[in-house]
Amino acid sequence: MNGPSRRILALMGAALIIVGACGAGATATPSQAAATPTAATSQAAPTPTAAPTAVATIPTDKLVFAGKLIVCSDIPYPPLEYLDDSGNPIGSDMEIAAGLATRLGLQLEVVNTVFDYIIAAVDGGKCDIIISDQNITTDRVAQVDMLPYFQAGQSFAVAKGNPKGIATQLDVCGKKVGAETATTEIQYLEGTDLYKDSGGLKKMCTDAGKAAPEAVPFEKDSDAFLALAAGQVDTYFADLPVVAFYVQAQPGQFEQSPITPLSPIKAGISVPKGHTAVEDAVKAALVAMMNDGTYLQILTKYSVAGGALQPSDVVVNKP
């Protein structure tokens, strides 16, 4: 797989497609061109141990398709998941997925799934698990079990020069904020799920006598960012690694807002309720990747090693 040091997204709408990881013949949507996110060259990747072997198995009758690990992921969301020039899924999440499949003795297949419907997809038997930087929240854990594997804060991107003057959270009050539907970002703007008790930014603004932010949801995250480029929203709100990727790739057009990123939230690999055999095997494979050095090598390659977790963090989240 190719790292993000040679990719930039030329943003267009992303189609719902099914592709095999590292397979040929899929249509790349959106397309990519050359780029160099600057942080990618500043980290030395650790060396993993010898070639991995299977550490666990999943009974065939517990898989969507025998011999395959089918993973739902919402693409693009770089550098975690996106497509290379040939339409192959790449990114840190995709390489983690590939590592899990190898350690389970399975062939990886990725189903590109709109984030708003991704839990319905795994619960409906379209895939075995979800790996899509999906933050662990109360509402989600009520629907699926979640294995922590990564963590990230959330940040805002603005047009170069910050023409809207978005330097503090209160500066977001009354502004149009582009974000992907059903994400933690929308929840924070509107004070739901994880932010139900605090009221999120909506309450912060109204308490200060300001208008609430206007959340402008998009079915695909790439469209939310494109809306900032087109001036349809005042700021773009996403997980910090994604904001950093876009800003570093196009520094002449965008910059990260001075607003301090929100505190990191753990993201989880989602498994349908009752699929204990899948859950246990995936957990064993993930811990093996952490212990043999492959996990950190992948995160370092994509400049997201700051979000690394430890084996002791891999505890199933259930209601």
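All of the numbers you see were taken from the coordinates with simple rules; none came from a lab. All values reported here derive from a predicted model rather than from experimental measurement. Methodologically, a virtual Cβ is constructed for each residue, glycine included, from the backbone with ideal geometry; neighbour enumeration extends over all protein chains shown.
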Amide H partners (placed H, <5 Å) of Leu69, local residues excluded: Gln107, Leu108, Glu109
Three-way shape label, the stretch 57-148, alpha-carbon gyration tensor, a/c 1.5: oblate
Burial ordering of Phe65, Phe115, fewest other beta-carbon atoms within 10 Å first: Phe65, Phe115
Long pairs among Lys164/Lys196; Lys160/Lys196; Lys176/Lys202, criterion Cα-Cα beyond 22 Å: Lys164/Lys196; Lys160/Lys196
Stokes-Einstein translational diffusion, the stretch 154-256 - Kirkwood Rh over all Cα pairs, 0.890 mPa s, 25 °C, in µm²/s: 183
Residue-count net charge about Ser73 - beta-carbon cut-off 10 Å; Lys, Arg +1, Asp, Glu -1: -4
At q = 0.09, 0.19, 0.20, 0.23 Å⁻¹, base-10 log of I(q)/I(0) for the stretch 89-212 (Debye sum, equal scatterers on each alpha carbon): -0.35, -1.11, -1.18, -1.38
Gyration tensor verdict on the stretch 201-303 (Cα atoms; rounded if a/c is under 1.5, prolate if a/b is larger than b/c, oblate otherwise): prolate
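Which of Phe245, Phe218 comes first, and how do the rest follow, when ranked by fewest Cβ neighbours within 10 Å?
Ranking Phe245, Phe218 by Cβ neighbours within 10 Å, fewest first, gives Phe218, Phe245.
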Exposure proxy order (Cβ contacts within 10 Å, fewest to most) of Ser155, Ser73: Ser155, Ser73
